[in-house]
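Here is the structure we will look at.
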Ligand code: HEM
């Protein structure tokens with residue numbers, strides 16, 4: 001079957017002049033659209049669960065620990081700046097900042113270990129290979145390369161928006177960046193934390209390397225999360241000022257069909273859609289989610305601004 005004409009495809013056609021205009025509108029207008037869509041979704045009442053409580057709490061643990069690690073690590077890296085001296089004074093001094101840094105590091109390692117244990121449980125205890133391959137897996141697959149190519153064509157107005165399934169290629173990229181970061185930043189962080197232990201089998205020069213790697217990779221990770229991840233997930237015009245799905249766990253039917261049509265159709269074909277039906281998130285939950293989202297996003301943007309100030313001075 002040939003592809004539908006991009007201009008006839010209501011869910012994912014070539015960006016029309018109106019959509020392009022929306023993409024460059026002021027953020028306030030985009031925020032208004034998000035609120036309108038949210039109100040329409042709540043009124044229509046059809047919602048589906050995307051994330052369960054366990055994954056939402058785990059993501060919350062990663063958010064808290066990552067913000068804490070950046071807030072306590074960057075004052076050490078940029079200790080020559082006025083803001084770093086001030087932040088560390090609030091924390092009780094540079095030594096105390098290093099102490100809090102280690103506490104947040106343990107929290108991040110705990111969240112990471114819980115996730116790895118969950119994947120191992122799915123794979124080995126439940127013998128469920130879908131974590132390794134298929135539409136619900138986080139493992140990059142040929143389909144992701146094709147979708148990335150099609151997505152870039154869509155950006156240029158040369159084709160329809162690809163029908164994404166549960167996870168898009170950029171969500172997988174963000175996910176694996178955390179694995180990479182845990183290995184590089186976490187590994188070097190533990191070398192810095194326990195030098196006498198590691199000195200038993202590592203040469204002395206490696207400690208300098210570990211220090212540079214930890215410091216620079218942490219900088220890259222912070223800037224990546226606070227710009228690329230924040231923009232892709234929250235600040236793009238369709239979502240601005242925040243996508244609440246990771247807090248409420250639910251998406252409206254309209255959103256699911258528009259953003260992940262392949263997932264919607266697959267769940268329908270497999271007869272799994274009804275089991276995911278949810279109530280619309282109540283007002284208190286949406287307001288609480290907004291509070292958490294704006295606090296976390298605000299802290300991230302502030303930290304990024306402080307880092308940029310330190311880098312350009
Ligand atoms: C999971 C693992 C981590 C561990 C075990 C760890 C451990 C450490 C330790 C022991 C130090 C030295 C602190 C001191 O001098 O008192 C340090 C410094 C630092 N950490 Fe981490 N850390 C981890 C993750 C992170 C993350 C995720 C970031 C940011 C994204 C980060 C950013 C920094 C920065 C910027 C410094 C200062 C480096 C410098 O002085 O140039 N760390 N870390």
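Where a number appears in this text, it was derived from the coordinates with a stated rule and is not lab data. As the structure is a computational prediction, the values presented were derived from the model and not from experiment. No Cβ is skipped: glycine too gets one built from the backbone with ideal geometry, and neighbour counts run over all protein chains shown.
Of 250, 102, 86, which is the most mobile in a GNM of the chain whose springs link Cα atoms less than 10 angstrom apart? Among 250, 102, 86, the largest mean-square fluctuation in the Gaussian network model of the chain belongs to 86.
The stretch 143-159 and the stretch 80-113 have Cα centres separated by 41 Å. Once the convex hull of all Cα atoms in the stretch 105-226 is built, its volume per residue stands at 150 Å³.
Taking 0.36 nm per residue of sequence separation and removing the Cα-Cα distance, the residue 130/residue 278 pair yields an extension gain of 50.9 nm. Averaging the sequence gap over all C-alpha pairs within less than 8 Å and six or more residues apart, then dividing by the number of residues, gives the stretch 163-235 a relative contact order of 35 percent. In angstrom, the C-alpha Rg and Dmax of the chain are 21.8, 67. Both radii were evaluated on the Cα set of the stretch 88-175; the Rg over Rh quotient, with Rh as the Kirkwood radius, amounts to 1.22.
With the simple model of a label 7 Å out from the Cα in the direction of the Cβ, residue 174 to residue 46 spans 2.6 nm. Between residue 292 and residue 270, the contour length at 0.36 nm per residue exceeds the Cα-Cα span by 4.4 nm. Against the chain, whose longest principal axis is taken from its Cα atoms, helix 94-120 shows a tilt of about 40°. Panel order for 168, 72, by other beta carbons found within 10 Å of each beta carbon, from fewest to most: 168, 72. Note on the stretch 176-313: Cα convex hull, mean projected area over all directions, 12.7 nm². For the peptides 63-69, 179-185, the ranking by mean Cβ contacts within 10 Å, running from highest to lowest, is 63-69, 179-185.
What angle, in degrees between 0 and 90 and rounded to the nearest 10, separates the Cα long axis of helix 283-312 from the longest principal axis of the Cα atoms of the chain? Once rounded, the angle reads 50 degrees. Using equal-weight Cα scatterers in the Debye expression, the normalised intensity of the stretch 267-311 in log10 at q = 0.13, 0.33 Å⁻¹ is -0.57, -1.02.
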